[in-house]
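Enquirer: Attaching a single structure in structure tokens format; questions to follow.
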Amino acid sequence: MMRKVVLYTLMSLDGAVDDPGRYFPETADRLGPPGFDDELIRLETGMIERQDTVLLGRNMYDEWSRYWPTSNEQPFANFINRVEKVVVTSTPLENQWTNATAAIGTTLSETIRELTTRPGEDIGIHGSIRLAQSALREGLVDEINLAVGRVLDPSGRRLFDKGVLDDLRTLELIRATPTPSGSLWLSYRVNR
């Protein structure tokens, strides 16, 4: 069985994806972005436990390679620091990070095709909005997981912005879970 490509992002109810700290604000007892409740942590943990590879765009890699190696935000810090990271970029990586390699000289579809034919678990696309949009446009995503915060945010980019898709895509709902803080976890299978 081929590995699944699983897109995961944090967003506001109206689809903004640039600032998770705005959608999951910190609370007095939970500092730092984002302020997840226990149910969101449980759902995210279940998803990342099924992944052994993460695709990142270059900008996300540069940002995350400076932040996550010294972070204690669990369980994501342990996961992202140990997992294989494949960076879709046209230039060599400047920042070193454990288990990170650059996919230079290949297209996104070639990179995903090669990864999905290897044995292993799911392949995640975390953050990396332009990469996520390209993967959606090219029909390379098998599952979408959205952690939806309880805010409306009129600024910033949208994952499903105009021009991302050129045709209608149907999805099959896997799970819709409300959380104690008023957020929502949505999981969809992308029909091909």
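The values are calculated or read from the model by the stated rules, or taken from the named source; none is laboratory data. Note that the structure is predicted; figures quoted are calculated from it, not measured. Backbone-built Cβ (ideal geometry, glycine too); neighbour counts: all protein chains shown. Ligands, DNA and RNA are stripped out before the accessible areas are found, and what is left, the full protein with its side chains, is counted by its heavy atoms. Shrake-Rupley method; radii C 1.70, N 1.55, O 1.52, S 1.80 Å.
Enquirer: Just to check I understand the Karplus step: with θ = phi - 60° and J = 6.51 cos²θ - 1.76 cosθ + 1.60, what whole-Hz values come out for region 43-51, glycine and proline as x?
Expert: 5, 4, 4, x, 5, 6, 5, 9, 10
Enquirer: Run through the DSSP bridge list for the chain and note the antiparallel percent, rounded to the nearest 5.
Expert: Details: 15 of 38 bridges.
Around 40 percent antiparallel, to the nearest 5.
Enquirer: Which one of ALA147, THR107, ILE123 is farthest out on the positive end of the charge dipole of region 107-149, using unit charges on Cβ (Lys, Arg +1; Asp, Glu -1) and the Cα centre as origin?
Expert: So the residue we want is THR107.
Enquirer: Hey, can you rank 132-144, 96-108, 38-50 by average C-beta count inside 10 Å, highest first? Working shown, then result.
Expert: On the way: 132-144: 19.2, 96-108: 13.9, 38-50: 15.9.
Highest to lowest by the protection proxy: 132-144, 38-50, 96-108.
Enquirer: Run lengths n ≥ 4 of DSSP H only: what is the helix-derived mean residue ellipticity at 222 nm for the chain, with -39500 (n - 2.57) per run over all residues, to the nearest 500? Write down the numbers at each step before the final one.
Expert: Details: 6 runs with 51 residues, N = 192.
So the helix-based figure for the chain works out to -7500 deg cm²/dmol.
Enquirer: Let me ask something else. Using a Förster distance of 30 angstrom, determine the FRET efficiency expected from the C-beta separation of THR170 and GLU84, and round it to 0.05.
Expert: On the way: r = 31 Å, r/R0 = 1.04.
The formula returns an efficiency of 0.45 here.
Enquirer: For region 36-150, just say rounded, prolate or oblate: build the C-alpha gyration tensor, square-root its eigenvalues into a ≥ b ≥ c, call rounded for a/c under 1.5, and beyond that prolate if a/b exceeds b/c, oblate if not. Walk me through the numbers on the way to the answer.
Expert: Numbers: a/c = 1.62, a/b = 1.23, b/c = 1.31.
The shape class here is oblate.
Enquirer: Separate question: Going 7 Å from the Cα of GLU114 in the Cα-to-Cβ direction, what parts of region 66-89 have a backbone nitrogen less than 15 Å from that spot?
Expert: 85-89
Enquirer: Of all the C-alpha pairs in the chain, what % are more than 19 Å from each other?
Expert: On the way: 10844 of 18336 pairs.
Of all Cα-Cα distances in the chain, 59 percent exceed 19 Å.
Enquirer: Using a 1.4 Å probe over the heavy atoms of the protein chains, calculate the carbon and sulfur portion of the accessible area of the chain as a whole percent. The partial results should precede the final answer.
Expert: Values: 5250 of 9990 Å².
Ligands and nucleic acids excluded, carbon and sulfur reach 53 percent.
Enquirer: How large is ³J(HN,Hα) for each residue in region 88-101, as worked out from phi by the Karplus curve 6.51 cos²θ - 1.76 cosθ + 1.60 (θ = phi - 60°), to whole Hz, x for Gly and Pro?
Expert: 7, 7, 9, 10, x, 6, 8, 7, 8, 8, 3, 6, 9, 9
Enquirer: Just want to confirm a number: the relative contact order over the chain, from Cα pairs under 8 angstrom separated by 6+ residues, in percent.
Expert: Once divided by the residue count of the chain, the mean separation gives 33 percent.
Enquirer: Using the Karplus curve 6.51 cos²θ - 1.76 cosθ + 1.60 with θ = phi - 60°, what ³J(HN,Hα) values do you get for each residue of region 135-140, in whole Hz, with x for Gly and Pro?
Expert: Calculated HN-Hα couplings, in order: 5, 5, 4, 8, x, 9 Hz.
Enquirer: Turning to a different aspect of this structure: Just the accessible area per residue of region 91-192, please: how many Å² with a 1.4 Å probe? List each step's numbers first, then the result.
Expert: Numbers: 5720 Å² over 102 residues.
Value returned for region 91-192: 56 Å² of accessible area per residue.
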